[in-house]
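Below is one structure, written out as structure tokens; the observations come after it.
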Amino acid sequence: MSIEDQFDFSINLPLINEDTEFFPLMSQQDEDEMNSEDTPEILSILPLRNTVLFPGVVIPITVGRDKSIKLIKDAYKGDKIIGVVSQRDVEIEDPTYEQLNDVGTVAHIIKMLQMPDGNTTVIIQGKQRFQLVQEVQSEPYFKVVVAKFAESKLKNDKEFKNLVASIREMSTQIIQLSPNIPSEAAIALKNIESPSFLINFISSNMNADVAEKQKMLEMGSLRKRAERVMELLTLELQMLELKNQIQSKVRTDLDKQQRDYFLNQQLKTIQEELGGNSNDLEIENLKTRSFKKKWDAEMAQYFQKEMEKLSRMNPAAPDYSIQLNYLELLLDLPWNDFTKDNFDLKRAQKILDKDHYGLEKVKKRIIEYLAVLKLKRDMKAPILCLVGPPGVGKTSLGRSVAKALNRKYVRMALGGVRDEAEIRGHRKTYIGAMPGRIIQSLKKAGASNPVFVLDEIDKVGSDFRGDPSSALLEVLDPEQNKAFNDHYVEADYDLSNVLFIATANSLSSIQPALLDRMEIIEVNGYTIEEKIEIAKKYLLPKQKEIHGLKSKDLNMKPAVIEKVIEDYTRESGVRGLEKKIGSLTRGIATKIAMEEAYESNITAIEVEKILGAPIFDKDLYEGNNVAGVVTGLAWTQVGGDILFIEASLSQGKGKLTLTGNLGEVMKESAIIALAYMRSHANLFNLHPLIFDQYDVHIHVPAGATPKDGPSAGITMLTALTSAFTQRKVKSHIAMTGEITLRGKVLPVGGIKEKILAAKRANIKEIILSKSNQKDILEIKEDYIKDLKFHYVQEMNEVINLALSKDKVANPQDISYKAP
């Protein structure tokens, strides 16, 4: 029987039978009378298994053994006095005399109750302690000769009184700390007057095992028993205090969890009443959606594992929403969902031609890819990189490719991206974590095979947060992107079916390893002829539609468009041209809105009225009347251009001066040209020491414009040769090429742009390195039909082609003068 049950029974015992004349709390007078009673010589012994009876204490005992039941019934009919002794071993069902403890308690049967389950319960009260002497009988129950237990006399001094007071106080504290002991027990303790009964009462009800209680029963000294009780109470109090501290901490957390639980239950009920989704319905919805996904067995198993994790979470926990968002992302991603490609190659060609004029290389590569894909359906998509100046249609080409292939279109701007997590995402353990932009774009597209444009890949930066271009290595590698791993998704995603098209203005800032993974396609600037066609077919109709004009309201002849291109734009692309056409369109729209008279066929004069005076002057060939001035060809970010190299000689000591905002490479070209002339003076019929008598000044006009590169090498050497020999430069000729100290002519880049610039400047002949002949073959014949090309390998070929044998009018006297 537990301590709580015993306390409760002792306090509420008088309620069992109102006629019973006893009280469980014994007064000092009751105790004196009980101790004065004689102990019977022979007692019927009732063995107890799980408890020890102390003098004065009332306890209930359920009797189950046949021997014990007979003993109780016989005694209840007689004087109701029995002996109660605990067993040495509680596991023994039918103990012998030797298996009983030596000291027991005389008990008075107060009441015998027949319980509904058939058991017999007796309520007994301890009287005196006794000592077993000799067994008289063992059947039908034990009868034993007993002797009164000898107790030492108690010295009731001040120290003992303080000990008893401490026991009473400590017991009261234990009752207060223990939630299962009724508070009335403290009142009972306070009303006990007798010290010995107080100690017996506490000994009987304290949390100690049978062996410990038996030891206390056998103690002859009340003081020693009180000290032992004090030790056990102290230990019990410490355990209760520690237990309460732990429970208090746990209760705080549990109270919050219970509060959240109840609130969530209420919220769940409200949502169900309003027709919304509860958490269970939400989880069920996720499971239903997962059955429709086309992922493989490994991914399905992974999703199921994550679902189980969500179902174990408390909906009020912060991680619940994180896990829910994660699972929703997995379901939103287009795992193995593909749009059906349209393999009509003629249709694809028409779409590409309709949307973009020119760009033949790119169109050819797309048609090739589509043709191979038609024959072999599981081909890995190529990684294309379109490189060219701004405004030539690199980005918009991606949309046309998607339209031609019947695929989804996705564009991701990489300009200014500095964080590696933008590509790979954040780990979902971080607050506010999100997947990378690759995964987000695929989720938005809703298909695993879109046309994915990586715009401005050359503008990707890097700092302490990582290097995004390094993260792109996996994305743009056909051998690796089959298992792209985003930090947030944590599962491999197949990117091998995505057609990546990167765009860049320059290859110089792209990481070499990244450059190696892409197929480079150069998108050069448009010629004037191409720009005129683009303006007629695309830009003008687009601007009319934007500004609400009808087709008949505005027309522009090719000559007018050419004037806009040459006088108001300087670019490789057509963005600036589109803006100027937009201005012209708005000008006409204003006149229509104000009901003013206007001419629908816009003229060059009307262009100048609307756009103002021409912004750019056309660089034209300026003639060959001055020695030392040669026309060169240059490449700029907005296309090709012509430039003039001017060489001038003056009396001096051989000093070389370079002006015109030249870069280091261009300065080196001038130094090489002069050094070649010094070492090969005999080829030009010059005295070797003439170079020490004249200072050389080389200038390239437009001094505010920075210039650099090796392509002006042969132009500088030709200008120097013309200046020193005073020979005339042939008319309408231009050149480009790098020079070496041995006089070799090396190839240079930007040939197409340079050739187109030469044609615009009314140049008739062009000198190039023989190695650049292949670049000329890539230009449409219509654009170069009026040009004559000279391909050279040595510098002396350039001089023979560029300089006539005639001298200029009014030649300068340049000759060696002996000292």
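The values are calculated or read from the model by the stated rules, or taken from the named source; none is laboratory data. Quantities reported herein were computed from a predicted structural model and do not represent experimental measurements. Reconstructed Cβ throughout: ideal geometry from the backbone, glycine too, with neighbour counts over all protein chains shown. Just so you know, the surface numbers come from the protein's heavy atoms only, side chains and all, with ligands and any DNA or RNA stripped out. Shrake-Rupley method; radii C 1.70, N 1.55, O 1.52, S 1.80 Å.
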Of region 200-229, those with amide N under 14 Å from the point 7 Å along the Cα→Cβ vector of Ser36 are none
Between the modelled labels at Thr705 and Gln773 (7 Å from Cα along Cα→Cβ) the distance in nm is 3.1 nm
Only helices counted: for the chain, with every DSSP H run of 4 or more residues adding -39500 (n - 2.57) and the sum spread over all residues, [θ] at 222 nm is -13000 deg cm²/dmol
Filtering GluC sites (Glu not before Pro) in region 52-104 by DSSP loop and by at most 10 other Cβ atoms within 10 Å leaves Glu91, Glu93
Residues whose modelled amide H sits under 5 Å from the amide H of Ile124, counting only those 5 or more places away in sequence or on another chain, are Ile59, Ile61, Ile110
The simple spin-label model distance between Asn325 and Lys158, using points 7 Å out along Cα→Cβ, in nm, is 7.4 nm
Of region 169-191, those with amide N under 19 Å from the point 7 Å along the Cα→Cβ vector of Glu212 are 169-181
Rounded to the nearest whole number, the per residue volume of the convex hull around the C-alpha atoms of region 71-137 in Å³ is 113 Å³
Note: Ser248 to Glu284 extended length (0.36 nm per residue) minus current alpha-carbon separation gives 9.2 nm
So for region 400-444, using the alpha carbon gyration tensor with a ≥ b ≥ c as root eigenvalues (a/c under 1.5 gives rounded; past that, a/b versus b/c decides prolate or oblate), I'd call it oblate
Under a 1.4 Å probe, counting only protein heavy atoms, Ile69 has an accessible area in Å², nearest 10, of 40 Å²
Pairs over 20 Å Cα to Cα, from Lys363/Lys444; Lys77/Lys213; Lys563/Lys609; Lys744/Lys774; Lys563/Lys780; Lys293/Lys340, come to Lys363/Lys444; Lys77/Lys213; Lys563/Lys780
One quarter of the C-alpha convex hull surface, i.e. the mean projected area of region 722-796 in nm², amounts to 5.4 nm²
Between Ser804 and Arg259, the two model label points (7 Å from Cα along the beta-carbon direction) sit apart by a distance in nm of 10.2 nm
Ranking Glu282, Glu41, Glu608 from most to least accessible area with a 1.4 Å probe gives Glu41, Glu608, Glu282
With the 8 Å Cα cutoff and a minimum separation of six or more residues, region 725-773 has a relative contact order in percent of 47 percent
Reduced to Cα centres, the span from region 165-220 to region 379-405 in Å works out to 91 Å
Per the 1/(1 + (r/R0)^6) rule, R0 = 51 Å and r from the Cβ atoms of Asn682 and Ala491, FRET efficiency to 0.05 is 0.10
Tilt, helix 195-205 to longest principal axis of the chain (alpha-carbon atoms), in degrees rounded to tens, equals 50 degrees
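Looking at the chain, send over the antiparallel percent of its DSSP beta bridges, to the nearest 5.
Percentage antiparallel, nearest 5: 55.
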Where a ≥ b ≥ c are root eigenvalues of the Cα gyration tensor, a/c under 1.5 meaning rounded, otherwise prolate if a/b exceeds b/c and oblate otherwise, region 374-466 counts as oblate
With the dipole of the chain defined by +1 on each Lys or Arg Cβ and -1 on each Asp or Glu Cβ, the option from Gly118, Leu454, Thr569 whose Cα lies farthest towards the positive pole is Thr569
Quick calc of log₁₀ I(q)/I(0), region 572-621, Debye, one scatterer on every Cα, no solvent, q values 0.14, 0.15, 0.21, 0.29 1/Å, result -0.43, -0.49, -0.84, -1.21
In terms of the alpha carbon gyration tensor, root eigenvalues a ≥ b ≥ c, rounded if a/c is under 1.5 and otherwise prolate when a/b exceeds b/c or oblate, region 616-741 is prolate
Here the gain from full extension of Lys443 to Gln114, 0.36 nm per residue of separation minus their alpha-carbon distance, amounts to 110.8 nm
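Restricting to region 646-719, what percent of DSSP beta bridges are antiparallel, rounded to 5?
Roughly 55 percent of the beta bridges in region 646-719 run antiparallel, per DSSP.
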Region 515-623: spread of alpha-carbon positions along the three principal axes, whole Å, largest first, is 59, 43, 18
The helix 158-177 Cα axis meets the longest alpha-carbon principal axis of the chain at an angle in degrees, between 0 and 90 and rounded to 10, of 50 degrees
Computed Rg/Rh for region 32-125 (Cα atoms; Rh = Kirkwood radius) stands at 0.94
Given Cβ charges of +1 for Lys and Arg and -1 for Asp and Glu, the option among Pro382, Pro60, Gly78 whose Cα lies farthest towards the positive end of the dipole of the chain is Pro382
Among chymotrypsin sites (Phe, Trp or Tyr not before Pro) in region 356-446, those in a DSSP loop whose Cβ has at most 16 other Cβ atoms within 10 Å are Tyr430
Stretched fully, the stretch from Ala150 through Arg418 gains (0.36 nm per residue minus C-alpha distance, one decimal, in nm) 87.0 nm
Between Val136 and residues 5 or more places away or on another chain, the pairs with built amide H atoms under 5 Å apart involve Lys143, Val144, Val145
With a Förster distance of 22 angstrom and the Cβ-Cβ distance between Ser506 and Glu781, calculated FRET efficiency to the nearest 0.05 equals 0.15
FRET efficiency for Lys542 and Gln349 from the Cβ-Cβ distance with R0 = 22 Å, rounded to 0.05, comes out at 0.50
Calc'd 3J(HN,Hα), region 418-432, phi into Karplus 6.51 cos²θ - 1.76 cosθ + 1.60 (θ = phi - 60°), Hz, glycine/Pro = x, comes to 10, 9, 4, 5, 4, 8, 9, x, 9, 5, 6, 6, 7, 5, x
Any residue on another chain or 5+ positions along whose placed amide H is under 5 Å from the amide H of Val745 is listed here as Glu794, Met795
Once the mean of 1/r over all distinct C-alpha pairs in region 206-361 is inverted, the Kirkwood radius in Å reads 23.2 Å
In whole angstrom, the spacing between the Cα centers of region 419-493 and region 282-359 equals 16 Å
Stokes-Einstein, Kirkwood over Cα pairs, the chain, 25 °C, 0.890 mPa s; D in µm²/s equals 64 µm²/s
Expressed as a whole-number percentage, the relative contact order of the chain with C-alpha contacts under 8 angstrom and at least six residues apart is 7 percent
A correct Karplus calculation of ³J(HN,Hα) over region 684-695, with 6.51 cos²θ - 1.76 cosθ + 1.60, θ = phi - 60°, whole Hz and x for Gly and Pro, returns 9, 6, 10, 6, x, 8, 5, 6, 8, 9, 10, 7
Phi angles of region 330-336, converted by Karplus (6.51 cos²θ - 1.76 cosθ + 1.60, θ = phi - 60°) into ³J(HN,Hα) in whole Hz with x for Gly and Pro, give 4, 6, 6, 6, x, 4, 6
hull vol. (C-alpha, convex hull) per residue for region 62-201, Å³ -> 168 Å³
As straight-line cross-link partners of Lys552, the qualifying lysines (C-alpha separation under 18 Å, not fewer than 8 residues apart within one chain) are Lys536, Lys537, Lys542, Lys544, Lys591
Taking only the Cα positions of region 654-724, the convex hull volume per residue in Å³ is 76 Å³
